[in-house]
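Peer 1: Take a look at the following structure, please.
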Amino acid sequence: MGNLLDYIGAQSTVTLDETPFHEVDNLVLSQLSYLLWENGFTGVDCMTVAQLWRRMNGKLFTQGFTAHNDETLLLLASQSKRFSNVRCCNYVSEFEAAKGKQFAAISFLLPDDTVFVSFRGTDSSLTGWKEDFYLCLPDPIAAQTRAAEYLTGIAQTYPLPLRVGGHSKGGNLAVYASSLVSDGIQERLLDVYNNDGPGLSTEVFSGEGYQRIKSRVHTFVP
């Protein structure tokens, strides 16, 4: 069975203008949020995937058991017509052990004049794993609250249609944030991708915010 690396290789000459954005593209951008982008974004706010690879080549920018594949993923994406010119913007990474907070996100400006907001899932830290145990409780965790703030800020910065996604905890954050933002921002949401993410509390699922977007939520469970 093929994987993301096979997909990027097969689609390396196919632009997003030629074949519209779809769910596998979502997974590529959701996985890229796991990279440690700090070394790439020093002194700049935005750059293309190709420019980011050149900045990060030779530096430590992967983590966890997917480190090797993630390094290859960025390399292949930087060489493909489909992703090389996608602009990466507004990267944030926040870690506060005392508050039980592990949060990171990045936004991708796509050639179809949309924005894809990608939330990072759980990292290898004890704080990140501790957060996971609180995801389904009624009270929001720090990363969920921050995700809603981040999505609101991106929507205000870029007055464009939005896609939101993430893997694992990132998928949970994508659905939570999309459920909590204002009606006006929700109207601009094209799709919300939950890639193997844990569920939300009953209060969120039954809330008006989630009910307004639930038809645009796509959940993938392997």
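The values are calculated or read from the model by the stated rules, or taken from the named source; none is laboratory data. It should be emphasised that the depicted structure is a prediction, and the values quoted were computed from it without experimental measurement. Note: ideal-geometry Cβ built from the backbone for every residue, glycine included; neighbour counts use all protein chains shown. SASA here: full protein model, heavy atoms, side chains in, ligands and nucleic acids out. Shrake-Rupley method; radii C 1.70, N 1.55, O 1.52, S 1.80 Å.
Peer 1: Ignoring everything except DSSP H segments at least 4 long, calculate the 222 nm mean residue ellipticity for the chain; use -39,500 (n - 2.57) per segment, divide by total residues, nearest 500.
Peer 2: One gets -11000 deg cm²/dmol as the mean residue ellipticity at 222 nm.
Peer 1: For the chain, which span is the longest to avoid every loop-located (per DSSP) member of chymotrypsin sites (Phe, Trp or Tyr not before Pro) having at most 16 other Cβ atoms inside 10 Å?
Peer 2: 1-132
Peer 1: Carbon and sulfur together cover what percent of the accessible area of the chain at a 1.4 Å probe radius?
Peer 2: 54
Peer 1: Now, a different point. Students often get this wrong, so try it: which of (1) 21.9, 80; (2) 18.4, 56; (3) 16.4, 48 is Rg and Dmax of the Cα atoms in Å as calculated from the structure shown?
Peer 2: Only one listed value fits the structure, namely (3).
Peer 1: Express the accessible area of the chain per residue in Å², computed with a 1.4 Å probe while the remaining protein chains stay in the model.
Peer 2: 46
Peer 1: Right, another one. By how many nm would the segment from E208 to R87 grow when fully extended, if each residue of separation counts as 0.36 nm and the alpha-carbon distance is taken off?
Peer 2: 40.2 nm
Peer 1: Which distance in Å, rounded to a whole number, links the C-alpha centroids of the range 1-60 and the range 164-222?
Peer 2: Cα centres, the range 1-60 to the range 164-222: 23 Å.
Peer 1: Let me ask something else. List nothing, just return the count: lysine pairs in the chain, 8 or more apart or interchain, with Cα separation under 29 Å.
Peer 2: Lysine pair count for the chain: 12.
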